[in-house]
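Q: Can you keep this structure in mind? I'll have questions shortly.
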Amino acid sequence: MRTIVIGCGRSGSLAAAALARLGVRRLTLVDPDRLEAHNLGEMDLVRAPQRGDFKVYAVAEELQRLQQGIGESSARRLEVEPIAEPVSSLRVLEAVKRADLLVACVDDEAARLAAAVLAKLYLKPLLDIGTGVFETPDNQRRAGADVRLVMPETCLLCVGGLNNLAVARARLIAGQDVAAIGDWREQRAGSLRSLNMLAVSLGIRLVEELAAGRRGESAWLRVEFDAAGLPRLEQRSTASQPGCPLCLHGGWGDEGLRLGLEALLDPRFAVA
């Protein structure tokens with residue numbers, strides 16, 4: 001299974017390691033960011049001497065070390081392609097065309113939207129993993145995660161959508177899917193490692209079922225934590241939404257890209 005991991009930070013590095021251990025032999029890593037000091041305690045597959053390197057190269061290097069430690073034969077050797085570019089780049093587009101599965105582990109909504117558009121235009125399954133710890137109006141902290149396996153018959157806009165489609169659309173059209181505008185801490189209070197591990201584990205379980213041929217339909221799992229810190233798992237609807245502009249262009253591929261994001265993404269569309 002040729003798999004692309006979009007976003008190689010907290011959740012993305014965990015997902016890359018899990019996919020390699022699962023037996024994925026062809027893995028493409030996409031992230032335009034460099035490794036900073038604060039990433040060292042948050043990510044898997046990185047070391048202090050790699051600070052300043054692109055995240056994808058640091059993670060790729062450690063994946064190769066992991067493989068050597070396992071002692072894989074040459075026939076089962078992991079092929080890793082690091083791409084230190086935004087998801088909207090031409091090189092990523094070519095990788096998407098060859099892929100069997102896209103895995104999005106991004107904080108930025110424009111990058112998430114770009115992954116959703118590519119998955120729908122080229123009819124690729126998309127596993128989207130999002131986690132966060134948010135400040136409530138009464139100064140409480142609330143942790144949660146959304147894990148969405150979106151099969152080609154629907155799209156991410158239908159399966160929960162985005163926090164603000166109009167803003168993400170405008171930023172993506174303007175080419176701003178590289179990094180979030182402003183300080184992400186203004187919207188999010190952080191991300192717990194245990195929460196990321198839980199979300200990635202749920203996502204990998206869905207991938208296992210998909211690879212085994214036991215799952216062919218979409219799934220949306222939402223994890224929320226109560227006041228005592230105990231998780232509650234909820235399955236949510238994955239039904240396609242009437243009038244979804246992206247679903248109308250499913251499978252259009254290159255022709256859909258030539259049509260333009262303005263036509264593909266109507267900012268008035270909202271999930272019912």
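The values are calculated or read from the model by the stated rules, or taken from the named source; none is laboratory data. All of these numbers come straight from a predicted model, not from anything done at the bench. Positions of Cβ are generated from backbone atoms using ideal geometry, with glycine treated the same way; all protein chains shown enter the neighbour counts.
Q: What is the one condition in (1) among the acidic types (D, E); (2) loosely packed, with under 11 Cβ neighbours inside 10 Å; (3) in a loop (DSSP other than H, G, I, E, B) that D266 does not satisfy?
A: (2)
Q: Follow-up question, since we're still on this one. Taking the stretch 146-160 only, how many residues are surrounded by 24 or more Cβ atoms within 10 Å (Cβ to Cβ) and in contact with a Pro (Cβ under 9 Å, 6 or more places away or on another chain)?
A: 3
Q: Are any residues in the stretch 131-140 touching a residue at least 40 places away in the same chain (Cβ under 8 Å) and either hydrophobic (A, V, I, L, M, F, W, C) or part of a loop (DSSP other than H, G, I, E, B) (or both), and if so, which ones?
A: Taking the stretch 131-140 as the starting set, the residues that turn out to be touching a residue at least 40 places away in the same chain (Cβ under 8 Å) are 131-135.
Result: V133, F134.
Q: Is one or more of the residues making up the stretch 142-158 in contact with a strand residue (DSSP E or B) (Cβ under 7 Å, 6 or more places away or on another chain) and outside any strand (DSSP E or B)? Explain how you work it out, then say what you get.
A: The first filter runs over the stretch 142-158 and keeps only residues in contact with a strand residue (DSSP E or B) (Cβ under 7 Å, 6 or more places away or on another chain), leaving 142-150, 156.
Remaining after also requiring outside any strand (DSSP E or B): 156.
Within the stretch 142-158 (the criterion being in contact with a strand residue (DSSP E or B) (Cβ under 7 Å, 6 or more places away or on another chain) and outside any strand (DSSP E or B)), the answer is yes, since at least one residue qualifies.
Q: Taking the conditions exactly as written (closer than 24 Å to E234 by Cα and either hydrophobic (A, V, I, L, M, F, W, C) or out of contact with any helix residue (DSSP H, G or I) (no Cβ under 9 Å at 6 or more places or on another chain) (or both)), does L93 satisfy them or not?
A: Answer is no for this residue.
Q: A further question on this structure: List, please: which pairs have Cβ atoms under 6 Å, are six or more places apart or on different chains, and start with a residue in the stretch 35-57 that is in contact (Cβ under 8 Å) with a residue 40 or more places away in the chain and end with one that is surrounded by fewer than 17 Cβ atoms within 10 Å (Cβ to Cβ) and outside any helix (DSSP H, G or I)?
A: Close Cβ pairs satisfying both conditions: K55/D33.
Q: Moving on. Look through R232, R258, R236 and report the one residue that is basic (K, R), exposed (fewer than 14 other Cβ atoms within 10 Å of the Cβ) and closer than 24 Å to A95 by Cα. So that I can check it myself, show each step before the final result.
A: Working: R232 fails: closer than 24 Å to A95 by Cα; R236 fails: closer than 24 Å to A95 by Cα.
Among R232, R258, R236, only R258 is basic (K, R), exposed (fewer than 14 other Cβ atoms within 10 Å of the Cβ) and closer than 24 Å to A95 by Cα.
Q: For the stretch 131-145, give me each residue that is touching a Lys or Arg at 6+ places or on another chain (Cβ under 9 Å) and buried (at least 17 other Cβ atoms within 10 Å of the Cβ).
A: Passing the criteria: T131, G132, G144, A145.
Q: Q187 versus (1) out of contact with any helix residue (DSSP H, G or I) (no Cβ under 9 Å at 6 or more places or on another chain); (2) at pLDDT below 95; (3) over 30 Å from R141 (Cβ atoms): which is the lone unmet condition?
A: That leaves (3) as the condition not met.
Q: If you go through the stretch 19-46, how many residues are within 19 Å of L202 (Cβ to Cβ), modelled with pLDDT of 90 or more and in contact with a Ser or Thr (Cβ under 9 Å, 6 or more places away or on another chain)?
A: Counting residues in the stretch 19-46 that are within 19 Å of L202 (Cβ to Cβ), modelled with pLDDT of 90 or more and in contact with a Ser or Thr (Cβ under 9 Å, 6 or more places away or on another chain) gives 2.
Q: Restricting attention to the stretch 210-229, which residues are buried (at least 17 other Cβ atoms within 10 Å of the Cβ) and among the hydrophobic types (A, V, I, L, M, F, W, C)? So that I can check it myself, show each step before the final result.
A: Our first condition is that a residue be buried (at least 17 other Cβ atoms within 10 Å of the Cβ); within the stretch 210-229, this holds for 210, 215, 218-221, 223, 225.
Those that are buried (at least 17 other Cβ atoms within 10 Å of the Cβ) and among the hydrophobic types (A, V, I, L, M, F, W, C): L210, A219, W220, L221, V223, F225.
Q: Restricting to the stretch 115-130, give me the number of residues that are in a strand (DSSP E or B) and surrounded by fewer than 24 Cβ atoms within 10 Å (Cβ to Cβ).
A: Of all residues in the stretch 115-130, those in a strand (DSSP E or B) come to 126-130.
Applying the additional criterion that residues be surrounded by fewer than 24 Cβ atoms within 10 Å (Cβ to Cβ) yields 130.
Residues in the stretch 115-130 being in a strand (DSSP E or B) and surrounded by fewer than 24 Cβ atoms within 10 Å (Cβ to Cβ): 1 in total.
Q: State whether the residues of the stretch 77-94 include one that is acidic (D, E), out of contact with any strand residue (DSSP E or B) (no Cβ under 9 Å at 6 or more places or on another chain) and modelled with pLDDT of 95 or more.
A: Among the residues of the stretch 77-94, at least one is acidic (D, E), out of contact with any strand residue (DSSP E or B) (no Cβ under 9 Å at 6 or more places or on another chain) and modelled with pLDDT of 95 or more, which makes the answer yes.
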